[in-house]
Amino acid sequence: MSRVSFNKPHLTGKELHYISEAHALGQLSGDGPFTKRCNAWLEQHTGCREALLTHSCTAALEMAAILADIQPGDEIIMPSYTFSSTANAFVLRGGVPVFIDIRPDTLNIDETKIEAAITSRTKAIVPVHYAGVSCEMDAIMAIADKHDLLVIEDAAQGVGSEYKGKPLGSIGHLGCLSFHETKNIIAGEGGALLINDARFIERAEVIREKGTNRSRFFRGEIDKYTWVDIGSSYLPGEIVAAFLWAQMEDAKGITDRRLAIWETYHSGLSGLEHDGALRLPFIPADCTHNAHMFYVLFADLDERTRAIEFLKRHEITAVFHYIPLHSAPAGVRFGRAPGDMSVTNDASDRLLRLPLYYDMSEADPRRVIETLVTFSRS
Ligand SMILES: *Cc1c(COP(=O)(O)O)cnc(C)c1O
């Protein structure tokens with residue numbers, strides 16, 4: 001019996017071809033022809049005003065924190081059930097992450113708890129689209145509008161997903177995407193900043209190019225470039241962009257394959273959900289998703305621990321997810337959680353992610369389902 005790994009990075013087959021083409025074109029540093037193609041693809045597929053490839057979603061979040069002009073003591077409202085980068089990007093500017101609880105159905109930020117957390121120091125709301133399923137963006141945008149706050153979407157997991165027909169990352173003022181090898185469309189390490197509010201475009205280009213106006217220089221708008229603002233090196237090299245281009249060309253095929261595996265899990269495990277053995281993911285009617293993840297929720301921590309062990313004995317790797325940031329050492333030090341966090345704590349104890357990757361065999365998800373059925377009877 002072969003082992004079912006949790007994840008394996010998928011190759012479309014054209015990656016090395018485009019990498020050698022990038023070399024033949026004579027530019028391996030950033031913002032060459034492949035980066036431009038990837039940016040254009042993102043603009044076409046999301047409808048954002050401008051897309052800027054970055055070396056990670058973490059980099060895009062850091063750019064967003066600079067663009068939001070976060071000052072020491074400014075507060076940023078976000079879920080606690082997320083990756084460290086969501087908070088870290090703002091802490092690097094002296095900001096204070098204010099963690100609030102998630103919804104029990106989608107495990108996304110609970111939009112009904114945002115307003116109570118707003119203070120005179122609040123600058124931005126950062127919705128995280130967990131598992132590539134959208135947050136309640138209409139409600140979040142209305143709150144931001146009412147209190148004059150920025151919305152920065154952490155759409156790291158949401159490439160190819162939509163909310164009411166709008167691609168994730170294109171709804172807030174800024175959106176951040178990831179092409180890390182654990183995501184759907186990959187470049188090893190990679191990301192993008194989507195700019196939906198045009199007033200941020202010029203400064204974003206400067207921040208990404210070490211604080212210089214190099215982008216304007218290359219467009220012939222100025223005759224020399226110089227240091228004009230703070231910034232860093234946030235752009236990827238052309239090798240990464242060439243790899244990513246191969247993936248973008250096949251983005252629909254990748255999403256469709258993942259959705260087929262997701263559906264296999266969903267229908268194969270619905271009997272267990274019906275029996276109350278576990279709970280399956282919930283997709284709101286106005287969301288389409290990208291099958292970034294398939295998770296199940298067990299009754300409690302003890303049962304999840306036993307499930308992980310059981311699957312492991314049957315050569316299947318399944319893994320839990322975030323330690324809530326409000327309870328992590330750095331979260332305690334740099335952030336605060338003003339309200340009840342019981343849904344977050346509960347999900348963190350009970351959630352298990354199942355293997356889901358493009359190159360799984362047809363038999364793999366079936367075996368995972370059968371093993372979970374056997375476990376529930378044990
Ligand atoms: C993966 C991920 C990130 C970080 O993405 P990188 O490209 O690895 O920097 C940030 N936020 C969330 C929610 C993620 O899933």
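The values are calculated or read from the model by the stated rules, or taken from the named source; none is laboratory data. No experiment lies behind these values; they were computed from the predicted model shown. Because the Cβ atoms are built from the backbone with ideal geometry, glycine has one as well, and the counts that use them run over all protein chains shown.
Quick check on this structure: which one of 325, 301, 297, 351 is in contact with a Ser or Thr (Cβ under 6 Å, 6 or more places away or on another chain) and either of a type outside the set (Val, Ile, Thr) or at pLDDT below 95 (or both)? Spell out how you get there, then give the answer.
Numbers: 301 fails: in contact with a Ser or Thr (Cβ under 6 Å, 6 or more places away or on another chain); 297 fails: in contact with a Ser or Thr (Cβ under 6 Å, 6 or more places away or on another chain); 351 fails: in contact with a Ser or Thr (Cβ under 6 Å, 6 or more places away or on another chain).
One residue alone meets the criteria, 325.
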Check: In the range 119-144, how many residues are closer than 18 Å to residue 169 by Cβ, part of a loop (DSSP other than H, G, I, E, B) and away from the ligand (no atom under 16 Å from the Cβ)?
Finding: 1
Notebook entry, point to check: Name the pairs whose Cβ atoms lie under 6 Å apart, with the first residue in the range 128-144 and modelled with pLDDT of 95 or more, the second part of a helix (DSSP H, G or I), and 6 or more positions between them or separate chains?
Noted result: 128/86; 136/111; 139/111; 140/111; 143/114; 143/115
Checklist line | Some residue of the range 92-110 being modelled with pLDDT of 95 or more, touching a Pro at 6+ places or on another chain (Cβ under 6 Å) and more than 24 Å from residue 297 (Cβ to Cβ) | finding: yes
Item checked: Conditions (1) out of contact with any Phe, Trp or Tyr (no Cβ under 8 Å at 6 or more places or on another chain); (2) free of Cβ contacts under 8 Å to residues at least 60 places away in the same chain; (3) within 30 Å of residue 250 (Cβ to Cβ); (4) crowded, with 20+ Cβ neighbours inside 10 Å; number of the one not met by residue 108 -> (1)
Note to self: Can you tell me which residue is nearest to residue 32 (Cα to Cα) among those in the range 217-231 that are free of Cβ contacts under 8 Å to residues at least 12 places away in the same chain and of a type in the set (D, E, K, R)?
What the structure shows: 219
Next item on the list: Output the qualifying pairs, or none if there are none: Cβ atoms under 7 angstrom, residues six or more apart or on different chains, first residue in the range 325-354 and without any contact (Cβ under 8 Å) to a residue 24 or more places away in the chain, second residue in a loop (DSSP other than H, G, I, E, B).
Entry: 345/324
Item checked: Residue match in the range 9-22 (condition: farther than 17 Å from residue 249 by Cβ and either among the polar types (S, T, N, Q) or in contact with a Leu (Cβ under 9 Å, 6 or more places away or on another chain) (or both)) -> no
Margin query: Exactly one of these conditions fails for residue 305: (1) part of a helix (DSSP H, G or I); (2) under 30 Å from residue 159 (Cβ atoms). Give me its number.
Written below: (2)
Notebook entry, point to check: From the set of residues in the range 160-196 that are among the aliphatic types (A, V, I, L, M), within 16 Å of the ligand (Cβ to nearest atom) and assigned to a strand (DSSP E or B), which is surrounded by the fewest Cβ atoms within 10 Å (Cβ to Cβ)?
Noted result: 174
Checklist line | Selection status of residue 166, without any contact (Cβ under 8 Å) to a residue 24 or more places away in the chain and at negative phi | finding: no
